[in-house]
Each structure stands twice: as structure tokens, then as C-alpha cells.
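The values are calculated or read from the model by the stated rules, or taken from the named source; none is laboratory data. Since this is a predicted model, take the numbers as computed values, not measurements. Here the Cβ positions follow ideal geometry from the backbone for every residue, glycine too, while neighbour counts run over all protein chains shown.
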């Protein structure tokens, strides 16, 4: 999924050492504001010190975040996780379609005016007596 907006907050980076593997890890969270009549905000995170340094996100920057959404359970409660896997800047970011509500339905094939005037199909002649009827009722 993609979402374009302005970076309005950068949280402190967090890190530690995995108890399972013994490897160090780092994650950082960011907030972007998506413009519109009713601006929306999204909190996302980047996992890995190399990715955090690679993207080098700055406050006030206009970016397109490419992300995945996942949920996880902890102690009987569920939490959403929005993890960015790519950040686009500049003219490239402007060409990526934003995640927006679908456009109102617009019919592809418009019927001829004569068909539009008749709301029901033409009446059919009743079947002759003794003719086979395919209907089960």
C-alpha cells in the first residue's frame, strides 16, 4: 500500500538485543499527515538501523510511504503494525497513486435512450398448453 503525506513527527529510535537470537535491533516511528478536506494522520515504523539511515526522514518532508499492515496478539489483545518497506521522495512520489476512497460508480456502457425509457423487459407470450416448462415451481 502507498500513502503520501507530510512528516509531522519523528519519535525517538528504540533498540535492544533479541533474547532469542542475540542480535541487536532498532526501530523508529514516524507520523505523516495526509492532506485533504479532513486531514488524516498515520503512524508507521521502520525496522532496522540500516533502513533508518538509508531513508533519513526529516520533519516537514513530503514523502510517499510504501508499507504493509499486519496485526499481532499479545496477552489477549491485538495490535496493528504498519511497517514501511520503502520511502519515495520528490517527483517520483507525486506519480504514485495515493490510497484514497474509490470514485463513485460510473457505468461503463450507457444504454440507448429507448432502452432507458422501458424499466422492464418486454412481456413474453404465455407458453402453449402442454409445453415443457424448465422452472421447478
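Key figures
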{"quantity": "The one condition in (1) surrounded by 12 or more Cβ atoms within 10 Å (Cβ to Cβ); (2) at pLDDT 90 or above; (3) not in a strand (DSSP E or B) that residue 93 fails to fulfil", "calculated": "(2)"}
{"quantity": "Residue within region 66-83 that is under 18 Å from the mean Cα position of the chain (by Cα) and not in a strand (DSSP E or B) present", "calculated": "no"}
